[in-house]
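Have a look at the structure below before the remarks.
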C-alpha cells in the first residue's frame, strides 16, 4: 500500500523559496491545513494537497490576485467537480484583474507621456540657455 507523500514546513519553504513565516501566514488565512503531530501538536505535517494549494496560491499571487481571490478559486477545486461554476468564477476574477491592470497601464502610459513632455521642454530650455551662453 503506497503512502501519500508528506512535507515539513522546512521542505515547502525550501522548495518554493519562502520563509516558514509566509507558510504559517498562508495557514492562518486558511489556504493550508496541515496535520499536527508531536508533543502538543507542534509539528506541522503538510500533505500533497497542501503542497498543490501552496503552488496554486503562489501562481495566483504572480497573476496579481489577492489571497482572498486565490482562496476562493482554490477552494472551488476542493468542492464537487462541477467545473462550470469554477470556470465562471475564475473568468470573472481574471476579467476584473485584467480591467485593473489595463487601468494601471493606461495611467502609466499617461504618466510616461507627461514625463516625456517635461523632458522635451527641459531640453529645449537647456539648449536655449546654452546657445545664449555660447
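Key figures for this structure:
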| item | result |
| --- | --- |
| Packing-based ranking, highest mean first, of 98-105, 19-26 given that Cβ atoms within 10 Å are counted | 19-26, 98-105 |
| Cα-projected label distance for residue 28 with residue 107, points at 7 Å along beta-carbon direction, nm | 2.7 |
| Cα-based helix-to-principal-axis angle, 83-133 vs the chain, degrees rounded to 10 | 30 |
| Ascending count of other beta-carbon atoms within 10 Å, so fewest first, for 18, 87 | 87, 18 |
| Rg [Å, one decimal], Dmax [Å, integer] - the range 80-134, C-alpha atoms | 23.7, 79 |
| Candidates 13, 122, 95: whichever shows maximal mean-square fluctuation once the chain is modelled as a Gaussian network with Cα springs under 10 Å | 122 |
| Dimensionless Rg over Rh [the range 1-63; C-alpha; Kirkwood] | 0.97 |
| Helix 48-63 vs. the chain, principal-axis angle (Cα, 0 to 90°, nearest 10) | 10 |
| Centre separation in Å (Cα based) which lies between the range 69-125 and the range 4-48 | 31 |
| Fewest-first sequence of 118, 97 by Cβ atoms within 10 Å of each Cβ | 118, 97 |
| Taking all pairs of distinct alpha-carbon atoms in the chain, Kirkwood radius in angstrom | 18.9 |
| Taking the chain and dividing mean pair separation by its residue count, relative contact order in percent (alpha carbons under 8 Å, at least six apart) | 16 |
| Likely footprinting exposure, 107, 11, fewest C-beta neighbours within 10 Å first | 107, 11 |
| Angle in degrees between helix 67-76 and the longest Cα principal axis of the chain, rounded to the nearest 10 | 40 |
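Throughout, read-outs are computed from the coordinates displayed, never taken from laboratory work. Not measured: the values here are computed from a predicted model. Here Cβ is always computed from backbone atoms with ideal geometry, including for glycine, and neighbour counts include all displayed protein chains.
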